[in-house]
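Asker: Here it is, the structure, as structure tokens.
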Amino acid sequence: METARPAFERVLLKLSGEALMGDMDYGIDPVYIRRLAGEVKAISDIGVEVAMVIGGGNIFRGAGLAEAGMDRVTGDHMGMLATVINCLSMQDALENLGAYCRVMSALPINAVCEDYIRRRAVRHLEKGRIVLFAAGTGNPFFTTDSAASLRAVEVGADVMIKGTKVDGIYDKDPMKFDDAVKYETVSFDEAVQKRLGVMDTTAIVMCRENNLPVKVFNMNNSGDLMRLIMGENIGTTVKAN
């Protein structure tokens, strides 16, 4: 009997920085990050080429700092550095499980990780290494969602997978409204017009213009990432009309 094959060959997994907090109020929960690393390694072990982008909201968020009076460019650079911290923590968790992993930063920080070079990133993926893209795009005013969509397009990912705290996209916040309705699929244009909060508009347009589908699922549901990779109907798919 033929073994089931993954539905995707190369993926980019986007996680918020808050995802690393687990049940904590701040920072990185070592137990939670080990579980996440285990799920990521599991899909890598079956031959899927995995790239990752992790936000920095568990440490600093540039926009939030700007609202509090800090210079926006300075705040965004601090947020970018927070993503480097998160990527290094994920690299450590993955390597402790025996995975091969590289952190590549859009800001040159040669003492702790590699510079982002597209061709080198693709080569790492081809060799089966998990690649973590840190420091966003390297530019202020761009979110890590935008960085994730950019890197996914640059390395030729089949899909961008966004891990969240809910099991897909709803017409309103399911945490606040019991009658919230979940979408199975939604178009990029609908996501923008209805302001569904999938990603910022820049990221959505990047995916739309490059025909890169996005899958949104609950990273807290253990095993859902593998099921999604194997082609099960998990979460919500955002795609062209």
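Bear in mind these aren't lab numbers, they're just calculated from the coordinates by the rules spelled out. Just so it is clear, the structure is predicted and the values come from calculations on it, not from any experiment. Ideal geometry is used to build each Cβ from the backbone, glycine not excepted, and the neighbour counts take in all protein chains shown.
Asker: If each residue of separation counts as 0.36 nm, what is the full-extension length gain between N211 and S187 once their alpha-carbon separation is subtracted?
Answerer: Length gained between N211 and S187: 7.5 nm.
Asker: So, with +1 on the Cβ of K and R and -1 on the Cβ of D and E, and no other charges, what is the size of the charge dipole of the chain about its Cα centre, to the nearest 20 debye?
Answerer: Computed about the Cα centre, the dipole is about 540 debye.
Asker: Still on this structure, please answer the following. Would you kindly state how much longer the chain becomes between N220 and D200 on full extension, computed as 0.36 nm times their sequence separation minus their alpha carbon distance, in nm to one decimal?
Answerer: 5.0 nm is the gain from fully extending N220 to D200.
Asker: Modelling each spin label as a point 7 Å along the Cα-to-Cβ direction, I'd like the N139/A4 distance in nm, to one decimal.
Answerer: Here the answer is 4.1 nm between the modelled labels.
Asker: With only Lys, Arg, Asp and Glu charged, each at its Cβ (+1 for the first two, -1 for the last two), find how big the charge dipole of the stretch 1-99 is about the Cα centre; round to the nearest 20 debye.
Answerer: Dipole of the stretch 1-99, to the nearest 20 debye: 120 debye.
Asker: To continue, here is another question. Can you give the Rg to Rh ratio for the stretch 72-123, taking only C-alpha atoms and Rh from Kirkwood?
Answerer: Across the stretch 72-123, the Cα-based Rg/Rh ratio is 1.02.
Asker: Same structure again: Using DSSP, restrict attention to beta bridges with both residues in the chain and report what percent are antiparallel, rounded to the nearest 5.
Answerer: Just about 15 percent of them are antiparallel.
Asker: Let me ask you something else. What is the Cα centroid distance between the stretch 20-37 and the stretch 66-100, reported in whole angstrom?
Answerer: Here the two parts' Cα centres lie 14 Å apart.
Asker: Next up: On the Cα set of the stretch 84-241, report Rg and Dmax in Å, please.
Answerer: Considering the stretch 84-241 through its Cα atoms, Rg and Dmax are 16.4, 51 Å.
Asker: Residues of the stretch 121-157 with amide nitrogen under 18 Å from the 7 Å Cα-to-Cβ point of D71?
Answerer: 138-142
Asker: How much of the DSSP beta bridge set in the stretch 117-241 is antiparallel, as a percent to the nearest 5?
Answerer: For the stretch 117-241, the DSSP antiparallel bridge percentage is about 40.
Asker: Further, regarding this structure: Over all pairs of distinct alpha carbons, what does the Kirkwood formula give as the hydrodynamic radius of the stretch 94-162, in Å?
Answerer: Answer for the stretch 94-162: a Kirkwood hydrodynamic radius of 12.6 Å.
Asker: Which net charge results for the neighbourhood of G235, defined as the other residues with beta-carbon distances under 14 angstrom from its beta-carbon, given Lys and Arg at +1 and Asp and Glu at -1?
Answerer: +3
Asker: Quick one: which of 163-169, 192-198 comes out on top by average Cβ neighbours within 10 Å, and what's the full order, highest first?
Answerer: 163-169, 192-198
Asker: Now, a different point. What percent do you get for the relative contact order of the chain when only Cα pairs under 8 Å and 6+ apart count?
Answerer: Relative contact order comes out at 21 percent.
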